[in-house]
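The values are calculated or read from the model by the stated rules, or taken from the named source; none is laboratory data. Please read these numbers as outputs of a predicted model, since none were measured by experiment. Counting neighbours? That spans all protein chains shown, and the Cβs are built from the backbone with ideal geometry, glycine included.
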Amino acid sequence: MELFFDTRQLNHRPTQYLVHGRIVAPLEKPERFEVMRDALLAAGLLEGKVQDSGSDPIRNVHAPHYVAFLETAVEAFAALPNAGPELLPNVHPYAAGTPGLRQRPAPRTTGILGRAGWYIGDMSCAMMAGTFEAAYWSAQSALSAATAVAEGADCAFALCRPPGHHAYADRASGFCFFNNAALAAERLRRVHDRVAILDFDTHHGDGTQAIFYERADVLFASTHTDPQAYYPHYFGYADETGEGEGRGFNLNIPLAPGSDDDHFVGAVERLAERVLRHAPGALVLSAGWDAHRNDPLSRLDVGTQAFSRIGKLLGGLNLPTVIVQEGGYSLDAVAEAAPAFMTAFRSAR
């Protein structure tokens, strides 16, 4: 099984992150990439070669004007008088109510701060020189893994950093710039009529849900911490089941804070049952290790053994599978959970 990554993904090195009213050092840091790479290679995965598929597959998921913003934002921000070290939004438009209020800002008439407030959803997506390059190669890692599976590989792992499942078609949020799982799913759709995305990160994949919410060809199924008082707050509830053609093709299973291994594994079992009813030609796993009780963002009581159990469960589905790295912010926990999952997943094949 091949592991796809590119060291240019290390070039995103933010220093600021707002949490509970304080600016702190970001939890999504380059060391995550290095620890997971070393742990997964030690577990027997083989390094795959990331191919540059260009920007067309990215623009197939993300609005071209959003991609253009990410590519040029840092340079425009740096030209401001007294610009800080990183681009962060300090204003957001009022977006509720009538559709007329959601007028995308034109680059020629709206300054970089206005555009940043439109395209960046929160204070966890600081941008600096190297951010776009890292996000681009994170996306190419996902596309390369999906291409390998589309061309006949049984499974492949995309070590994506920055992660992706909070990224919308035209908005960055939650450490995420490009939605790597959505990119992988769209690549697989070129050869399969139906694809499923199963997300077991401790945070709901709101960006992924939004991208496919009105579609029946890509099932989105997620278990995560109840968002009533937890990121992403506004989405991830059980009554979100899809709209239009997508009604019934979105499944959320929120977990109460303190949920243990059995609750977590039981939720993944329910997701897997729904995946099988969808009868997809291929599966994308949005794999987050941040449900682990030792993760600094976790409110669940989930241990390493649970990741081994769901690895066996999901490997046993015997579907062509692309595993896309999402969250996991304790270096010790990811060094345990990711290899435990992969060992069980591969054994179940």
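Points worth noting:
- Among the conditions (1) buried (at least 20 other Cβ atoms within 10 Å of the Cβ); (2) out of contact with any Lys or Arg (no Cβ under 6 Å at 6 or more places or on another chain), the only one that residue 233 does not satisfy is (1).
- Here is the figure for segment 168-204: residues that are surrounded by fewer than 24 Cβ atoms within 10 Å (Cβ to Cβ) and hydrophobic (A, V, I, L, M, F, W, C) total 2.
- Checked against (1) farther than 25 Å from residue 26 by Cα; (2) aromatic (Phe, Trp, Tyr); (3) modelled with pLDDT of 95 or more, residue 77 passes all but a single condition, namely (1).
- Every residue from segment 35-64 that is over 17 Å from residue 180 (Cβ atoms) and surrounded by 16 or more Cβ atoms within 10 Å (Cβ to Cβ): 35, 39, 43, 45
- Hey, residue 244 surrounded by fewer than 20 Cβ atoms within 10 Å (Cβ to Cβ), without any contact (Cβ under 8 Å) to a residue 60 or more places away in the chain and under 16 Å from residue 202 (Cβ atoms) or not: no
- Residue identified as touching a Cys at 6+ places or on another chain (Cβ under 8 Å) and within 29 Å of residue 150 (Cα to Cα) among 207, 288, 246: 207
- Among (1) within 28 Å of residue 123 (Cβ to Cβ); (2) surrounded by 20 or more Cβ atoms within 10 Å (Cβ to Cβ), the one test that residue 254 misses: (2)
- Candidate set: segment 146-167, residues that are in a loop (DSSP other than H, G, I, E, B) and aliphatic (A, V, I, L, M); chosen: the one surrounded by the fewest Cβ atoms within 10 Å (Cβ to Cβ): 153
- Residue match in segment 45-56 (condition: assigned to a loop (DSSP other than H, G, I, E, B) and aliphatic (A, V, I, L, M)): yes
- Residue tally, condition over 13 Å from the mean Cα position of the chain (by Cα) and in a helix (DSSP H, G or I), over segment 182-232: 8
- Within segment 1-25, the residues that satisfy the criterion of being part of a loop (DSSP other than H, G, I, E, B) and buried (at least 18 other Cβ atoms within 10 Å of the Cβ) are 1, 5, 6, 12, 14.
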